[in-house]
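To keep things clear, I will list the structure first and then write my remarks on it.
Here, each number is a calculation from the coordinates, and none is a lab measurement. What you are looking at is a predicted structure, and each value in this text was computed from that prediction instead of being measured. Here the Cβ is made from the backbone with ideal geometry for all residues, glycine too, and neighbour counts use every protein chain on show.
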Amino acid sequence: MLSRFEQFSFAISGISRYIQKIERDEMVKYGYKGAFAQYLIALNRFPEGITMTELCACCDKDKAAVSRIISEMVDKGLVLRQNEGVKVYNSRLLLTDEGKKAADFVLERGESAVELVSQLSESERKALYSALDSILSKLEVLAEEGLPSRNSD
């Protein structure tokens, strides 16, 4: 029998793994890398642009990883860097028209996937996302502060 920890961590890891596979499979149809999907969605939320530093925080990725992917996305014509004279991490990143089309594609395909696998009522869905948000915020605190010590009495 799986422990609560095993069941929880296996489920979350599996969900993440399958989301990444679906992103790869769908993005290849566009001729792009699966890793572009997350950044397209994040950049799409900020039509006025976002800095690389803000994007790192938004996607919870390190600067080196974000820098590599954004450079590829700029080369592919999906992302535009504004303020070319400022430091790379302070320039604003914007989706190009092609980037917006790709982001719309990712969002539409993602919504389709969620619809296909999620047979939840609206109230069940709200409860699930509320629980996931709560778990995430508490895990963030634990990751920052560490697990409390156990008393050895």
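Brief remarks follow.
- Using only side-chain charges placed at the Cβ, +1 for Lys and Arg and -1 for Asp and Glu, the dipole size of region 1-65 relative to its Cα centre rounds to 180 debye.
- Full extension of the chain segment joining F10 with A65 gains 17.3 nm, where the gain is 0.36 nm per residue of separation less the Cα-Cα distance.
- Under 13 Å, Cβ to Cβ, from R17 - net charge with Lys/Arg +1 and Asp/Glu -1: 0
- The chain: equivalent-ellipsoid semi-axes (sqrt of 5 x gyration tensor eigenvalues, Cα, Å): 32, 22, 14
- Between helix 97-117 and the chain: long-axis angle, C-alpha atoms, 0 to 90°, nearest 10: 20
- Farthest towards the positive end of the charge dipole of the chain, among the residues S71, L120, S91, is the Cα of S71, using unit charges on the Cβ of Lys, Arg, Asp and Glu.
- Computed label-point distance, nm, for sites R24 and A131 using a 7 Å Cα→Cβ extension: 3.0
- 0 to 90° range, to nearest 10: angle between helix 122-145 axis and the chain longest Cα axis: 90
- Computed magnitude of the charge dipole of the chain (debye, nearest 20; Cβ of K, R +1, Cβ of D, E -1): 340
- Per-residue [θ]222 nm for the chain (sum of -39500 (n - 2.57) over DSSP H runs n ≥ 4, rounded to 500): -22500 deg cm²/dmol
- Range in the chain, longest, excluding exposed GluC sites (Glu not before Pro) [loop by DSSP; at most 14 other beta-carbon atoms within 10 Å]: 85-153
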